[in-house]
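Undergrad: To start, I am sharing the structure in question, which I have written as structure tokens.
The values are calculated or read from the model by the stated rules, or taken from the named source; none is laboratory data. Here the structure is a predicted model, which is why all the values come from computation and not from measurement. Don't worry about glycine lacking a Cβ; one is built from the backbone with ideal geometry, like all the others, and counts go over all protein chains shown.
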Amino acid sequence: MPKRPLLATAAALAAVSVLVLPATAASAPATGVAAVQEHLQELQAIAEANGGNRAAGQPGYRASLDYVKAQLDGAGFITTIQEFDALGGPTYNLLAETPGGDANSVVMFGAHLDSVSEGPGINDNGTGSAAILQAALDYAGSGATPTNKLRFAFWGAEEEGLVGSTHYVQTLPEAERSKIVAYLNFDMVGSPNAGYFTYDGDDSDGEGAGPGPEGSAQIEQLLNDSLGAAGVATEGTDFDGRSDYGPFIEVGIPAGGTFTGAEQSKTPEQAEKWGGQAGEAFDSCYHQACDTVENVDTQALDRNLQAIASAVETYAAQFPQP
């Protein structure tokens, strides 16, 4: 998220009674939040091997994209790399969609994959990227066939001003853009002093930014209900243009998503409701070298993953009409 303007020989053994141990089955691949944490470890290892970051235009970004793409290819998604210019050179978006589902009714889930140059970007935004990646893999593993087509987007150069998502929306032909019925954005979903925010689709918080496009309130309600089922109350947060929902709401696409807070301070009322430290930033390592795997609240990550997975399952079947 940008600021405002992870030996012995066989002969020797022949006369010896040998105890044969039963073969053990290969351990099953991780699912759920354990798998998300594994993805975060991979993203951090990529950053450590590439100058300490995964910033757009740097080797760590492309290595991150290749890692995510390999996971999705292995699960049967149709993947596309979209190249665009940023910082004077090429960088990339990664799009992955389900083979099945109505191509005239597309629900998108997105997160930016790049970090800032100052650090590995594990909360911002390894958490969002790893969470939607795992939600996609878990859905594919369920064997379900979606009614709507699901498209997962991993944006490049968000930290440079939403460059990747803006390029995607602006270059998408109008006929294709009109097929996108919803866009859900996940940017920082494991902040260490976590809050639980959903984008305020109906402007019910009265902060003055205005509601999202028609249909956004339904997304907000679904996410509120899912987080409520996971045991936490939410607060609305404005569509203030700081993340990749921006280009979508500008063209009238319903949007929503979750957010656990960045450099702003948690209030005493929020600490009473959610726990954590009042007067401290939701993420004190925001845009710093200390944004590592140690900078993630696993409970917040798990709760947000549950909400994302619920949204994937729900919108695979049907998008609620306003």
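Undergrad: As an exercise: evaluate Ala182 against (1) over 16 Å from Leu72 (Cβ atoms); (2) small (Gly, Ala, Ser); (3) surrounded by fewer than 22 Cβ atoms within 10 Å (Cβ to Cβ) and give the number of the one condition it does not meet.
TA: In the conditions (1) over 16 Å from Leu72 (Cβ atoms); (2) small (Gly, Ala, Ser); (3) surrounded by fewer than 22 Cβ atoms within 10 Å (Cβ to Cβ), Ala182 misses (3) alone.
Undergrad: Hey, another quick one. Look through Ala111, Ala144, Ala130 and report the one residue that is under 18 Å from Asp297 (Cβ atoms), outside any helix (DSSP H, G or I), out of contact with any Pro (no Cβ under 8 Å at 6 or more places or on another chain) and modelled with pLDDT of 95 or more. Outline the logic, then answer.
TA: Details: Ala144 fails: under 18 Å from Asp297 (Cβ atoms); Ala130 fails: outside any helix (DSSP H, G or I).
Every option except Ala111 fails the conditions.
Undergrad: Only residues that are outside any loop (DSSP other than H, G, I, E, B) and under 25 Å from the mean Cα position of the chain (by Cα): list them for the range 251-270, please.
TA: Once the filter is applied, which keeps residues that are outside any loop (DSSP other than H, G, I, E, B) and under 25 Å from the mean Cα position of the chain (by Cα), the range 251-270 yields Ala255, Gly256, Gly257, Thr258, Phe259, Ser265, Gln270.
Undergrad: Out of all the residues in the range 13-26, is one or more surrounded by 12 or more Cβ atoms within 10 Å (Cβ to Cβ) and either at pLDDT below 80 or not basic (Lys, Arg) (or both)?
TA: No, the conditions are met nowhere in the range 13-26.
Undergrad: Let me confirm something: among Thr298, Thr234, Thr260, Thr314, which residue is crowded, with 24+ Cβ neighbours inside 10 Å and either modelled with pLDDT under 95 or not hydrophobic (A, V, I, L, M, F, W, C) (or both)? It would help to see each step written out before you state the result.
TA: On the way: Thr298 fails: crowded, with 24+ Cβ neighbours inside 10 Å; Thr234 fails: crowded, with 24+ Cβ neighbours inside 10 Å; Thr314 fails: crowded, with 24+ Cβ neighbours inside 10 Å.
Only one candidate qualifies: Thr260.
Undergrad: Filtering the range 240-250 down to residues that are modelled with pLDDT of 95 or more and in a loop (DSSP other than H, G, I, E, B), which residue is nearest to Gly201 (Cα to Cα)?
TA: Per the criteria, the residue is Tyr245.
Undergrad: Kindly provide the set of residues from the range 277-295 that are assigned to a loop (DSSP other than H, G, I, E, B), surrounded by fewer than 19 Cβ atoms within 10 Å (Cβ to Cβ) and not hydrophobic (A, V, I, L, M, F, W, C), ordered by number.
TA: Within the range 277-295, Gln277, Gly279, Glu280, Ser284, Gln288 meet the criteria.
Undergrad: What number of residues in the range 38-52 are touching a helix residue (DSSP H, G or I) at 6+ places or on another chain (Cβ under 7 Å) and either among the β-branched types (Val, Ile, Thr) or within 25 Å of Ile308 (Cβ to Cβ) (or both)?
TA: Counting residues in the range 38-52 that are touching a helix residue (DSSP H, G or I) at 6+ places or on another chain (Cβ under 7 Å) and either among the β-branched types (Val, Ile, Thr) or within 25 Å of Ile308 (Cβ to Cβ) (or both) gives 8.
Undergrad: Mind checking which residues of the range 121-149 are buried (at least 24 other Cβ atoms within 10 Å of the Cβ) and either under 12 Å from Glu97 (Cα atoms) or aliphatic (A, V, I, L, M) (or both)?
TA: Ile122, Ala130, Ala131, Ile132, Leu133, Ala135, Ala136
Undergrad: Take Val169 and tell me if it is surrounded by fewer than 24 Cβ atoms within 10 Å (Cβ to Cβ) and either among the charged types (D, E, K, R) or in a helix (DSSP H, G or I) (or both).
TA: When the stated conditions are applied, Val169 passes them.
Undergrad: Are any of the residues in the range 56-66 closer than 30 Å to Gln299 by Cβ, at pLDDT 95 or above, assigned to a helix (DSSP H, G or I) and of a type in the set (A, V, I, L, M, F, W, C)?
TA: Yes: the range 56-66 contains one or more residues that are closer than 30 Å to Gln299 by Cβ, at pLDDT 95 or above, assigned to a helix (DSSP H, G or I) and of a type in the set (A, V, I, L, M, F, W, C).
Undergrad: Taking the range 217-239 only, how many residues are among the aliphatic types (A, V, I, L, M) and either in contact with a strand residue (DSSP E or B) (Cβ under 6 Å, 6 or more places away or on another chain) or not in a loop (DSSP other than H, G, I, E, B) (or both)?
TA: Residues in the range 217-239 being among the aliphatic types (A, V, I, L, M) and either in contact with a strand residue (DSSP E or B) (Cβ under 6 Å, 6 or more places away or on another chain) or not in a loop (DSSP other than H, G, I, E, B) (or both): 6 in total.
Undergrad: Let me ask something else. Of the numbered conditions (1) buried (at least 19 other Cβ atoms within 10 Å of the Cβ); (2) over 19 Å from Val312 (Cα atoms), Tyr245 satisfies every one except a single condition; which is it?
TA: Condition not satisfied by Tyr245: (2).
Undergrad: Among the residues of the range 275-298, which ones are among the aliphatic types (A, V, I, L, M) and under 13 Å from Ser265 (Cα atoms)?
TA: Selection gives Ala278, Ala281.
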